[in-house]
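Here is the structure we will look at.
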Amino acid sequence: MEDINAIQDEIIGEFEILGDDKESTIYYIMELGDQLPDFPETERKEDNIIKGCQSKVWLITNLQDGKIQFLADSNTAITKGLISLLIRVLSGRKAKDIMNADLYFIEKIGMGNIIGSQRSNGLAAMIKQMKMFALAYQSKIDA
Amino acid sequence: MSDLVEVIDSRKKIDVNKIREDFPVLHQEVNGKPLAYFDNAATTQKPLQVIDALQAYYEKDNSNIHRGAHTLASRATAHFESTRNHIREFINAPSSEEVIFTKGTTESINLVANTYGRKFIQEGDEIIISTMEHHSNIVPWQMLCENNNAILKVIPIFKNGELDFEAYKKLLSPKTKLVAVVHASNALGTVNPIKDMIQLAHEYGAKFLVDGAQSTAHLPVDVQELDCDFLAFSAHKLYGPTGVGVLYGKRELLEKMPPYQGGGEMIKEVRFENTTYNDIPYKFEAGTPNIADVIAFDQALTFIKDCGKDKIHAHESQLLAYAFDKCATIKGFEPIGTADEKVSVMSFNIKNTHPFDVGIMLDASGIAVRTGHHCTQPLMDWYGIEGTVRASFAVYNTVEEIDRLYNSLVRIAKRKN
Ligand SMILES: Cc1ncc(COP(=O)(O)O)c(C=O)c1O
């Protein structure tokens, strides 16, 4: 849990440096997206699409040493950038920590202003999906 | 002598800086940059004259029209009807009774589909539209065809965004009852040879509806010269308010058509046994109309007249040519729609970049464009693309703004090209 918050604070710090320069902020988010590891071509299928996003977002997971790894991709660079932030915060964590994570960085960096209200719904859908995956893994562990 | 030449030349041109003073919305910063508004095909900004007229109406004249015996009601009625007459002049309709107020282009088209269409389109009849139609000139006809068992035919286009005229000729037949085609495409900018198309349709006895949503602000539109049977357009794309549209129809057709909606205003007498309908145009204007916005629209028409449509067109054409020439040098710039005859719409994609990303990066630089399918999904499917970025220019846009667009696009294109 502490790790999750440490990363969130790190992101908040980075966005503070950008200030309210929207141009730099947008380009920065897109560059972050560019740095995501390649998404396997075979997984770019309907089943892996998150519903509720305006852009197409593919999300897959696997469990490594009891920790959930997320891999994602999108057809738009801005969404890919946003999801890269979520991955940075949530990937490689225990299911329980993901489920309980309070993602305060989103509001702190003013994401609503950056992406507009329609996209904010998409972002909420991404987070929900990530937490759902965590819940599913957790129930397997508990079973 | 050269001084005089200069003076004469400048008189032929639009004084953009002066015009911009009339548009308060343009003088603001967006994301820390001066706003460059290039989404004019979606809706134009409104000059002070229009904004003031709206305010003045509510401050001084507000009342319901065609009813009250009092002074305010007659003032409002006079303004309302004088706007109708100015619209008649604007499109050179034979009489103002052929000018019907609606909510917009969409409602104008639906009105025709639901009245003329329901009554006069029979089973097996054919309606022709084109590949580049806006959804509002597709779906009402699909609904009508489904209801009346009629058949919808689609004119194909060429890669440059021009209509395939020969194919159009082949689609026409005695079965064709109606042709509904856009005068200027909102997604491509293509200006269609509407006059020749109308003449041909008439040879087969078919009626012709012109979707003038994008042409009326930029080109001369004379319904008598075109000889169109219907013309639909929206005030908000003509520097006027939202919520006002126009349907022009030839008198003999309007008189034959059943009413659209029932209610007040559209009746002569109402009895429980039977009701008689009002004369045109009121037969199609049930209920209290959008009085304030109609009256304010009058000021938009005056604004256009004062600018001079030929001058507006010259200015916008110059901007379009300038923008295209400049952007064509950008690596990865892919124009969509390169017809010879165009209104000031520059539709394009940047290679390896989603149109939405282009839009959001431009917005971050204070530049407003439209991205997506522009309500022309079948057209986008035809091109095999998800959408485009569209910059559309109006009378108040400047060369400097286009330079900013260009500079931003250079940076955007560099990311992935
Ligand atoms: C070509 C065309 N037709 C129809 C419409 C619909 O106009 P409105 O939404 O004002 O009814 C538009 C508006 O985008 C258009 O560009």
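Annotations
- In the stretch B:234-274, the residue that is farthest from the ligand (Cβ to nearest atom) out of those that are of a type outside the set (Val, Ile, Thr) and in contact with a His (Cβ under 9 Å, 6 or more places away or on another chain) is B:Glu265.
- Whichever residue in the stretch B:105-141 is among the β-branched types (Val, Ile, Thr) and in a helix (DSSP H, G or I) and, among such residues, is nearest to B:Gly189 (Cα to Cα): B:Thr105
- Residues that are away from the ligand (no atom under 16 Å from the Cβ) and either open to solvent by 50 Å² or more (accessible area, probe 1.4 Å) or of a type in the set (A, V, I, L, M, F, W, C) (or both), drawn from the stretch B:170-192: B:Lys170, B:Leu171, B:Leu172, B:Pro174, B:Lys175, B:Lys177, B:Leu178
- A Cβ distance below 7 Å, combined with a sequence gap of six or more or placement on separate chains, defines the contacts here; from the stretch B:353-364, residues that are within 17 Å of A:Ser24 (Cβ to Cβ) and more than 7 Å from chain A (Cβ to nearest Cβ) reach residues that are part of a helix (DSSP H, G or I) and open to solvent by 10 Å² or more (accessible area, probe 1.4 Å) in the pairs B:Leu362/B:Ser408.
- Out of B:Ala201, B:Ala167, sole residue that is more than 16 Å from the ligand (Cβ to nearest atom), among the hydrophobic types (A, V, I, L, M, F, W, C), open to solvent by 10 Å² or more (accessible area, probe 1.4 Å) and not in a strand (DSSP E or B): B:Ala167
- Among the residues making up the stretch B:128-182, those that are in contact (Cβ under 8 Å) with a residue 24 or more places away in the chain, farther than 18 Å from B:Tyr116 by Cα and of a type in the set (A, V, I, L, M, F, W, C) are B:Met132, B:Val154, B:Ile155, B:Ile157, B:Leu163, B:Phe165, B:Leu171, B:Leu172, B:Val182.
- Some residue of the stretch B:36-48 being in a strand (DSSP E or B), open to solvent by 50 Å² or more (accessible area, probe 1.4 Å) and within 14 Å of another protein chain (Cβ to nearest Cβ): no
- A:Ile12 fulfils the conditions (1) touching a strand residue (DSSP E or B) at 6+ places or on another chain (Cβ under 9 Å); (2) open to solvent by less than 30 Å² (accessible area, probe 1.4 Å); (3) assigned to a helix (DSSP H, G or I) except for a single criterion, (1).
- If you filter the stretch B:373-400 down to residues that are buried (at least 17 other Cβ atoms within 10 Å of the Cβ) and in a helix (DSSP H, G or I), you find that the one that is farthest from the other protein chains (Cβ to nearest Cβ) is B:Leu379.
- Filter result (within 14 Å of chain B (Cβ to nearest Cβ) and either open to solvent by less than 80 Å² (accessible area, probe 1.4 Å) or in contact with an Asp or Glu (Cβ under 9 Å, 6 or more places away or on another chain) (or both)) within the stretch A:43-67: A:Cys53, A:Ser55, A:Lys56, A:Val57
- Filtered by the rule that a residue be open to solvent by less than 50 Å² (accessible area, probe 1.4 Å) and over 25 Å from the mean Cα position of the chain (by Cα), the stretch B:5-30 gives a lone residue, B:Val30.
- A search for C-beta distances below 6 Å between a residue of the stretch B:240-259 that is under 14 Å from B:Glu285 (Cβ atoms) and any residue that is within 11 Å of the ligand (Cβ to nearest atom) and of a type in the set (Ser, Thr, Tyr), counting only pairs 6+ apart in sequence or on different chains, returns B:Gly245/B:Thr102; B:Gly245/B:Thr105; B:Gly245/B:Ser108; B:Gly245/B:Ser234; B:Leu247/B:Thr102; B:Leu247/B:Ser108.
- B:Asn137 being open to solvent by less than 20 Å² (accessible area, probe 1.4 Å), over 15 Å from B:Ser173 (Cα atoms) and either in contact with a Cys (Cβ under 8 Å, 6 or more places away or on another chain) or of a type outside the set (Asp, Glu) (or both): yes
Matching residues to (1) within 14 Å of another protein chain (Cβ to nearest Cβ); (2) of a type outside the set (Ser, Thr, Tyr); (3) out of contact with any Gly (no Cβ under 9 Å at 6 or more places or on another chain):
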site	(1), (2), (3)
A:Ile7	no, yes, yes
A:Ile11	no, yes, yes
A:Thr25	yes, no, no
A:Gly33	yes, yes, no
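- Residue in the stretch B:207-216 that is modelled with pLDDT of 95 or more, within 16 Å of B:Asn137 (Cα to Cα) and assigned to a helix (DSSP H, G or I) present: no
- In the stretch B:286-372, counting only strands (runs of 3 or more DSSP E) that sit wholly within it, the ones holding 2 or more residues that are open to solvent by less than 10 Å² (accessible area, probe 1.4 Å) and assigned by TED's automatic domain parsing to the domain that holds B:Asn31 span B:345-350.
- Lone qualifier among A:Ile83, A:Ile98 - being in contact with a strand residue (DSSP E or B) (Cβ under 7 Å, 6 or more places away or on another chain), more than 20 Å from A:Phe15 (Cβ to Cβ) and either open to solvent by less than 20 Å² (accessible area, probe 1.4 Å) or within 14 Å of chain B (Cβ to nearest Cβ) (or both): A:Ile98
The values are calculated or read from the model by the stated rules, or taken from the named source; none is laboratory data. Please read these numbers as outputs of a predicted model, since none were measured by experiment. When we count neighbours, we look across all protein chains shown, and the Cβ atoms used for this are built from the backbone with ideal geometry, even at glycine. We work out accessible area using only protein heavy atoms, side chains counted, and drop any ligands, DNA or RNA first. Shrake-Rupley method; radii C 1.70, N 1.55, O 1.52, S 1.80 Å.
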